[in-house]
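A.B. asks: Sending over a structure as structure tokens; questions will come in a sec.
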């Protein structure tokens with residue numbers, strides 16, 4: 001359960017304290033503050049973020065992986081959390097570092113985590129959402145086999161602005177899982 005491989009050559013592994021500098025760099029761009037439930041402004045914050053991911057894994061409520069390339073440096077992050085074993089559902093989230101964007105890191109990671117969640121966790125439904133103005137995230141969802149299910153109006157708020165969210169889902173018995 002600790003490591004996953006993506007056919008595209010990426011390794012997915014749990015985040016480690018040694019990754020604190022990579023986490024700090026990843027959260028440096030202003031738009032990344034939306035990807036964390038806590039500020040990540042210094043090394044202590046980065047270690048706390050990694051600690052949160054470790055605790056979630058231990059509690060079996062969320063599973064977060066660093067997506068690493070050949071050099072072993074984290075290029076992105078993919079998670080399944082809000083795991084509900086009664087309803088067999090989970091929520092997928094992902095991000096990539098600025099340098100890794102457009103290289104297929106996120107779709108490869110999402111597909112690997114989906115396979116794991118449907119197999120190892122026995123989930124039936126995975127969901128994800130993205131702001132409707134985030135076309136890159138939409139491309140990741142579609143390339144990862146997630147079908148669009150509709151728009152949630154005014155779902156997110158960043159500062160004073162509200163954003164609509166497009167919801168996507170993938171089921172364990174979708175054809176994409178048997179390709």
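The values are calculated or read from the model by the stated rules, or taken from the named source; none is laboratory data. Model, not experiment: these values are computed from the prediction. A quick note on method: Cβ atoms are made from the backbone with ideal geometry, for glycine too, and the neighbour counts reach across all protein chains shown.
A.B. asks: Of everything in region 41-68, what is closer than 24 Å to residue 119 by Cβ and either touching a strand residue (DSSP E or B) at 6+ places or on another chain (Cβ under 6 Å) or surrounded by 12 or more Cβ atoms within 10 Å (Cβ to Cβ) (or both)? Give them in sequence order.
C.D. replies: Of everything in region 41-68, those that are closer than 24 Å to residue 119 by Cβ and either touching a strand residue (DSSP E or B) at 6+ places or on another chain (Cβ under 6 Å) or surrounded by 12 or more Cβ atoms within 10 Å (Cβ to Cβ) (or both) turn out to be 53, 54, 56, 57, 61, 62, 63, 64, 65, 66, 67, 68.
A.B. asks: Would it be correct to say that residue 140 is closer than 18 Å to residue 29 by Cβ, within 15 Å of the chain's Cα centre (by Cα) and not in a strand (DSSP E or B)?
C.D. replies: Numbers: closer than 18 Å to residue 29 by Cβ: yes; within 15 Å of the chain's Cα centre (by Cα): yes; not in a strand (DSSP E or B): yes.
Taking the combined requirement at face value, the residue satisfies it.
A.B. asks: Condition (residue is in contact with a strand residue (DSSP E or B) (Cβ under 6 Å, 6 or more places away or on another chain), surrounded by fewer than 17 Cβ atoms within 10 Å (Cβ to Cβ) and either under 28 Å from residue 60 (Cα atoms) or free of Cβ contacts under 8 Å to residues at least 40 places away in the same chain (or both)) applied to region 161-169: is it met by at least one residue? If you could, list the steps in order and put the result at the bottom.
C.D. replies: First pass over region 161-169, keeping only residues in contact with a strand residue (DSSP E or B) (Cβ under 6 Å, 6 or more places away or on another chain): 162-169.
Filter again for surrounded by fewer than 17 Cβ atoms within 10 Å (Cβ to Cβ), leaving 162, 164.
Still in the running and either under 28 Å from residue 60 (Cα atoms) or free of Cβ contacts under 8 Å to residues at least 40 places away in the same chain (or both): 162, 164.
Within region 161-169, one or more residues are in contact with a strand residue (DSSP E or B) (Cβ under 6 Å, 6 or more places away or on another chain), surrounded by fewer than 17 Cβ atoms within 10 Å (Cβ to Cβ) and either under 28 Å from residue 60 (Cα atoms) or free of Cβ contacts under 8 Å to residues at least 40 places away in the same chain (or both).
Yes or no, residue by residue, for (1) within 22 Å of residue 155 (Cβ to Cβ); (2) within 11 Å of the chain's Cα centre (by Cα); (3) touching a residue at least 24 places away in the same chain (Cβ under 8 Å):
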position	(1), (2), (3)
27	no, no, no
50	no, no, yes
66	no, yes, yes
80	yes, yes, yes
109	no, yes, yes
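A.B. asks: Something else: Which of the following residues is modelled with pLDDT under 95, out of contact with any helix residue (DSSP H, G or I) (no Cβ under 7 Å at 6 or more places or on another chain), within 20 Å of residue 5 (Cβ to Cβ) and buried (at least 18 other Cβ atoms within 10 Å of the Cβ): 108, 79, 117, 100?
C.D. replies: Details: 108 fails: modelled with pLDDT under 95; 79 fails: modelled with pLDDT under 95; 117 fails: modelled with pLDDT under 95.
One residue alone meets the criteria, 100.
A.B. asks: Okay, moving on. Just to be sure before I move on: is residue 12 within 22 Å of residue 177 (Cβ to Cβ), crowded, with 19+ Cβ neighbours inside 10 Å, in contact (Cβ under 8 Å) with a residue 60 or more places away in the chain and touching a helix residue (DSSP H, G or I) at 6+ places or on another chain (Cβ under 6 Å) in the structure I sent?
C.D. replies: Numbers: within 22 Å of residue 177 (Cβ to Cβ): yes; crowded, with 19+ Cβ neighbours inside 10 Å: yes; in contact (Cβ under 8 Å) with a residue 60 or more places away in the chain: yes; touching a helix residue (DSSP H, G or I) at 6+ places or on another chain (Cβ under 6 Å): yes.
The answer is yes for residue 12.
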